[in-house]
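The values are calculated or read from the model by the stated rules, or taken from the named source; none is laboratory data. In this text, all values refer to a predicted model and were calculated from it rather than measured experimentally. Neighbour counts run over all protein chains shown; Cβ positions are idealised from the backbone, glycine included.
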Amino acid sequence: MTMHLRPLRPASALTRLHWPAIVLALLVFTVVGAVARAATPDEAPAVVAAPTAGPSVVIGALQEHLLAYMTAAQADGGATPDAVETLHTQIVRTHDFPYIARIVLGRHWRALEDADRTAFTERFTALSLATYANRFAEFSGESFEITGEGESAFGQRSVQATLVTRGGEHTFEYLLRGSAEDGWHIVNIIVDGVSDLALKRAEYATLFADSGFDGLMQELDRQRRDLTDEG
């Protein structure tokens, strides 16, 4: 499978800081890396389970949907609303966004009212979906291979993979949360040893400290508009 990512648009210094790892992660992508390994598995609410399948099957299925999305977008001169909606559905089914949202906010999550927690989770999910839909455009020679699967901390599972590009190879570790009965969901992607969760957590902590919750929400909206050409 080969693919090409659209160029990134100008962003804040913090956004530029974490995008290199995220862009790579999104090639099969948008948790526990160095930060999340310290979190206990009961820290976040459960996500609605996808059909039961092993972790490697979940990753492979997501990759197939990304391939179908990119192929259709290339054939149609751009992604259709139906294609975007289908991609969004698959991403929601394969990721545990409520868990990720809670972990990326760290200690700030505990200080929020339930309504603000819900609002943040919705905005964070919307930004993640917009990122997926925007970054995948056309094929350009990359190839992806799942190389292994094993146990990780706190009952999670790890799926290892390699991405080969014209510039060299990149290693991936996907961490999934769940069970054989309830299904497995992606909670972090670690690319070349860099945790996407840890980068987001650092960015959001700075935004929260500088601008508060409202400022963080406004920044998430701004990033999503930049990706979708809205406003």
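For the stretch 155-175, check the following and say yes or no: at least one residue is part of a helix (DSSP H, G or I) and surrounded by fewer than 20 Cβ atoms within 10 Å (Cβ to Cβ). Yes - at least one qualifying residue is present in the stretch 155-175. For the stretch 46-67, the set of residues classified as at pLDDT below 85, out of contact with any helix residue (DSSP H, G or I) (no Cβ under 8 Å at 6 or more places or on another chain) and not in a loop (DSSP other than H, G, I, E, B) consists of Gln63, Glu64, Leu67, listed by residue number. Please work out which residue is farthest from Ala101 (Cα to Cα), limiting yourself to the stretch 187-207 and to residues that are surrounded by fewer than 18 Cβ atoms within 10 Å (Cβ to Cβ) and not β-branched (Val, Ile, Thr). Looking at residues that are surrounded by fewer than 18 Cβ atoms within 10 Å (Cβ to Cβ) and not β-branched (Val, Ile, Thr), I get Asp192.
Among residues of the stretch 212-224 that are closer than 13 Å to Phe124 by Cβ, those with a Cβ under 6 angstrom from a residue that is of a type in the set (Gly, Ala, Ser), sequence gap 6+ or separate chain, pair up as Arg224/Ala126; Arg224/Ala130.
Taken across the stretch 178-189, residues that are touching a helix residue (DSSP H, G or I) at 6+ places or on another chain (Cβ under 9 Å) and over 30 Å from Ala53 (Cβ atoms) do not occur at all. The sole residue among Ile103, Ile91 that is closer than 30 Å to Thr71 by Cα, in contact with a Leu (Cβ under 9 Å, 6 or more places away or on another chain), crowded, with 19+ Cβ neighbours inside 10 Å and not charged (D, E, K, R) is Ile91.
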